[in-house]
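One structure below.
The values are calculated or read from the model by the stated rules, or taken from the named source; none is laboratory data. Bear in mind the structure is a predicted one, so any value in this text is a computation, not a measurement. Cβ placement follows ideal geometry from the backbone for every residue including glycine, while neighbour counts extend to all protein chains displayed.
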Amino acid sequence: MTNAPIKLLIAASGTGGHLFPAIALAEKLPDYEIQWLGVSNRLETQLVPKQYKLNTIEVEGFQQRFGLGTFRILGKLVSSVLEVRKLLQQGKFQGVITTGGYIAGPSVIAARSLGLPVILHESNALPGKVTRFFGPRCTAVAVGFEVTAKYLTNAKTIFTSTPVRSQFLDEGIGATLDLAVPENVPLIVVFGGSQGAVAINKLVRECATAWFETGAYVVHLTGDKDPEADSLQHPQYISLPFYNNMAALLRRASLAISRSGAGSLTELAICGVPAILIPFPFAAEDHQSYNAEVFTSAGAGLTFKQSELTADGLRDSVLHLLKSPDELKQMGEKAKTTALADSADKLAYLVRELIET
């Protein structure tokens, strides 16, 4: 008799922050038979089917006040739980891992109703409402930051850090930066997460001329929602909506200006990039500020509230750092202390330990 592979359902949906860690984990479990659980109109429909079978459910988060819409969302939740339960039973799955978000709810409920082990990975320093509610009901909660455990005192937490895409760990993958940036100049990389950040874009364009005068180059990832994205033209300025080879770009960066999503911070940490962080002010429960606090308290960056940051303040902060290469280097080294390069291995080990025993 040959041993059949372990069957694992990965429930991860929505943004790169939920999907990329899950994909990184899946790559560490090549001997498992893995299927995916997602939502039909989210990013996973583009990323997942190339590698794994994608099953979809229709579920929403409870974002609005109590009303008629609440009953509709509750109906979808109940229906989704039944669908996932049927999927787990018919597919003879042996465990579930989810990276949080509203898809975690039906996944956790269905799996636990069948007595299956469930691991939830929470990448943010301040765990979301879903994690705080369902965490105690999971077999274990893997956390991206050590500080997260203090918000989950009723759950079994294990620090694993947050997995990153393989391109960030293997310098041979996508090593070449195919952008016109000279080798020996400071490079400022500006990005606002997967959606871009129009407010940051505007500030950067107001400041950039002063940075060019120091010899610095700027690679500015504007996102696709900025009507003024092409308004600044300069030989030392490269403006793109997106750039796929982020690992090579961040490895080359001297300094980053960015939002403070957990995925972005982990990638900055792995590449040792100091950062000026401007948390997204409308993030749920201001969780990006908690992420930024981890980075800045380690001495790896500076944090500014968007509502308080002026063009003068941003310009001068960057100029100070550009004129202090030793300080930048030390900040970059401290950034590396905030994440674990072997996070995917640690998470895979945890999955094996809880599902195979």
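Scanning region 241-273 for residues that are of a type in the set (A, V, I, L, M, F, W, C), modelled with pLDDT of 95 or more and in contact with a strand residue (DSSP E or B) (Cβ under 7 Å, 6 or more places away or on another chain) yields LEU249, LEU250, ALA253, LEU255, ALA256, ILE257, LEU268, VAL273. The set of residues in region 115-137 being in a loop (DSSP other than H, G, I, E, B) and closer than 15 Å to HIS287 by Cβ consists of SER123, ASN124, ALA125, LEU126, PRO127, GLY128. Among residues of region 306-357 being in contact with a Lys or Arg (Cβ under 9 Å, 6 or more places away or on another chain) and of a type in the set (A, V, I, L, M, F, W, C), the one that is nearest to VAL147 (Cα to Cα) is LEU340. As a summary of the residue check, GLU285 satisfies the conditions (1) surrounded by fewer than 19 Cβ atoms within 10 Å (Cβ to Cβ); (2) part of a strand (DSSP E or B); (3) not β-branched (Val, Ile, Thr) except for the one numbered (2). Restricting ASP170, ASP178 to those that are closer than 22 Å to LYS346 by Cα, surrounded by fewer than 17 Cβ atoms within 10 Å (Cβ to Cβ) and at pLDDT below 95 reduces the list to ASP170. Scanning region 317-328 for residues that are part of a helix (DSSP H, G or I) and exposed (fewer than 13 other Cβ atoms within 10 Å of the Cβ) returns HIS320, PRO325, ASP326. Restricting attention to region 34-48 and to residues that are in a strand (DSSP E or B) and touching an Asp or Glu at 6+ places or on another chain (Cβ under 8 Å), the residue that is surrounded by the most Cβ atoms within 10 Å (Cβ to Cβ) turns out to be GLY38.
Taken over region 295-314, the residue count meeting the criterion of being more than 24 Å from GLU267 (Cα to Cα) and in a helix (DSSP H, G or I) is 3. Is it the case that VAL164 is under 29 Å from LEU126 (Cα atoms), assigned to a loop (DSSP other than H, G, I, E, B) and of a type in the set (Val, Ile, Thr)? Yes: the conditions hold for VAL164.
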